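One structure below.
The values are calculated or read from the model by the stated rules, or taken from the named source; none is laboratory data. Since the model is a prediction, treat every value here as computed from it, not as a measurement. Every residue, glycine among them, receives a Cβ derived from its backbone with ideal geometry; neighbour counts consider all protein chains shown. Surface accessibility is based on the protein's heavy atoms, side chains included, excluding ligands, DNA and RNA. Shrake-Rupley method; radii C 1.70, N 1.55, O 1.52, S 1.80 Å.
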Amino acid sequence: MTMTSIFTVLVSQDRPDLLWRTVKTYTQTKDEGCELLIMDNASGRETLVLLDRIHEMGLARVILRRTNPYPGSATNEGWSHAPPDAAYLHRSDNDIEYLSGWPEVVR
């Protein structure tokens, strides 16, 4: 069993092209101890279709919210789903491009 050392909550609200880039670069550059949860704040159909695809591909867990409150609210709710062995809580937005080596910078 692998310990989750970095638990990332990605707050999303539409912008599916940027969201896909963020998820893709996260999964391409993360290491074994990273886990991603997407908290979606009431996105439209195009983003919801993408979120279904991301979930089905096993790239991230997804929680759909019916409202779009302050992003800190979504972050805190997401962090409440962190596994007990998570050493670091990390927040992301849906417009970030992850670069190689980012987990070592967070740690």
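Residues in segment 1-15 that are surrounded by fewer than 15 Cβ atoms within 10 Å (Cβ to Cβ) and polar (S, T, N, Q): 1 in all.
Among residues of segment 44-58 that are touching a residue at least 40 places away in the same chain (Cβ under 8 Å), none has a Cβ under 8 angstrom from a residue that is loosely packed, with under 12 Cβ neighbours inside 10 Å and part of a helix (DSSP H, G or I) at a sequence gap of 6+ or on a separate chain.
With the structure loaded, tell me whether Ala82 is at pLDDT below 95, among the hydrophobic types (A, V, I, L, M, F, W, C) and either more than 13 Å from the chain's Cα centre (by Cα) or closer than 26 Å to Glu104 by Cβ (or both) or whether it fails that test. Spelling it out, it is not the case that Ala82 is at pLDDT below 95, among the hydrophobic types (A, V, I, L, M, F, W, C) and either more than 13 Å from the chain's Cα centre (by Cα) or closer than 26 Å to Glu104 by Cβ (or both).
A Cβ distance below 8 Å, combined with a sequence gap of six or more or placement on separate chains, defines the contacts here; from segment 80-107, residues that are over 20 Å from Thr22 (Cα atoms) and touching a residue at least 24 places away in the same chain (Cβ under 8 Å) reach residues that are among the aliphatic types (A, V, I, L, M) and in a loop (DSSP other than H, G, I, E, B) in the pairs Asp85/Met3; Ala87/Met3. Of the residues that make up segment 80-93, is at least one open to solvent by less than 60 Å² (accessible area, probe 1.4 Å), of a type in the set (A, V, I, L, M) and touching a Phe, Trp or Tyr at 6+ places or on another chain (Cβ under 6 Å)? Yes, because at least one residue in segment 80-93 is open to solvent by less than 60 Å² (accessible area, probe 1.4 Å), of a type in the set (A, V, I, L, M) and touching a Phe, Trp or Tyr at 6+ places or on another chain (Cβ under 6 Å). Looking across segment 17-38, the residues that are over 23 Å from Met3 (Cβ atoms) and charged (D, E, K, R) come down to Asp17, Arg21, Lys24. Taking segment 42-63 as the range and being over 12 Å from Asp14 (Cα atoms) and out of contact with any Lys or Arg (no Cβ under 9 Å at 6 or more places or on another chain) as the test, the residues that pass are Asp52, Arg53, Ile54, Glu56, Met57, Gly58, Ala60, Arg61, Val62, Ile63. Residue pairs whose Cβ atoms lie under 7 Å apart, sitting 6 or more positions apart in sequence or on different chains, and linking a residue in segment 22-42 that is in contact (Cβ under 8 Å) with a residue 40 or more places away in the chain to a partner that is among the hydroxyl-bearing types (Ser, Thr, Tyr) and surrounded by fewer than 16 Cβ atoms within 10 Å (Cβ to Cβ), are Thr29/Ser100; Gly33/Thr2.
Residue-wise test of (1) assigned to a helix (DSSP H, G or I); (2) in contact with a Gly (Cβ under 7 Å, 6 or more places away or on another chain); (3) exposed (fewer than 15 other Cβ atoms within 10 Å of the Cβ).
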position: Asp17; (1), (2), (3): yes, no, yes
position: Thr25; (1), (2), (3): yes, no, no
position: Glu32; (1), (2), (3): no, no, yes
position: Leu36; (1), (2), (3): no, no, no
position: Glu46; (1), (2), (3): yes, no, yes
position: Ile54; (1), (2), (3): yes, no, no
position: Pro69; (1), (2), (3): no, no, yes
position: Thr75; (1), (2), (3): yes, no, no
position: Glu104; (1), (2), (3): yes, no, yes
